[in-house]
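Accompanying notes for the structure given below.
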Amino acid sequence: MALEEKEREVGQLTFKEASVELERVVRQLESGDLELEDALERYTRGVELLRSLRDRLAHAEQRVQVLLDSTSEVEVPDTMTADATSNN
């Protein structure tokens with residue numbers, strides 16, 4: 001199964017697009033219907049997509065951690081306790 005359409009560069013895909021494409025690649029590989037060359041091509045694309053998704057997740061986790069660290073220096077009101085006491 002040769003590529004039917006020109007694939008966009010992995011870096012140009014949104015996280016959602018890359019995730020959906022990776023799922024499609026996995027289904028194609030699991031089907032067992034691909035010729036060897038096409039399976040290798042799909043596998044290579046899947047590795048690129050997976051690497052990109054993991055990198056993006058790691059970057060997002062770092063950003064969240066930075067935000068959490070910066071907010072830990074600020075007193076944040078405990079809204080859960082306030083809600084619980086107002087309902088009693």
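Every read-out reported here was derived from the displayed coordinates using simple, explicitly stated rules and does not represent laboratory data. Predicted model, so just to flag it, every value in this text is computed and none were measured. Every residue, glycine among them, receives a Cβ derived from its backbone with ideal geometry; neighbour counts consider all protein chains shown.
Worth pointing out:
- Residue separation of Arg51 and Glu9 scaled by 0.36 nm, minus their Cα-Cα distance, works out to 13.8 nm of gained length.
- Computed over the stretch 1-73, the ratio Rg/Rh where both radii use C-alpha atoms and Rh is Kirkwood: 1.17
- Placing pseudo-labels 7 Å out from each Cα toward the beta carbon at Arg27 and Arg63 gives an inter-label distance of 2.9 nm.
- Charge tally in the Cβ shell below 12 Å around Thr14, where Lys, Arg are +1 and Asp, Glu are -1, Thr14 excluded: +1
- Between Val20 and Tyr43, the modelled label-to-label distance comes to 2.7 nm, taking each label 7 Å out from Cα in the direction of the beta carbon.
- About the Cα centre, charge dipole magnitude for the stretch 1-70 (Lys/Arg +1, Asp/Glu -1 at Cβ), debye: 400
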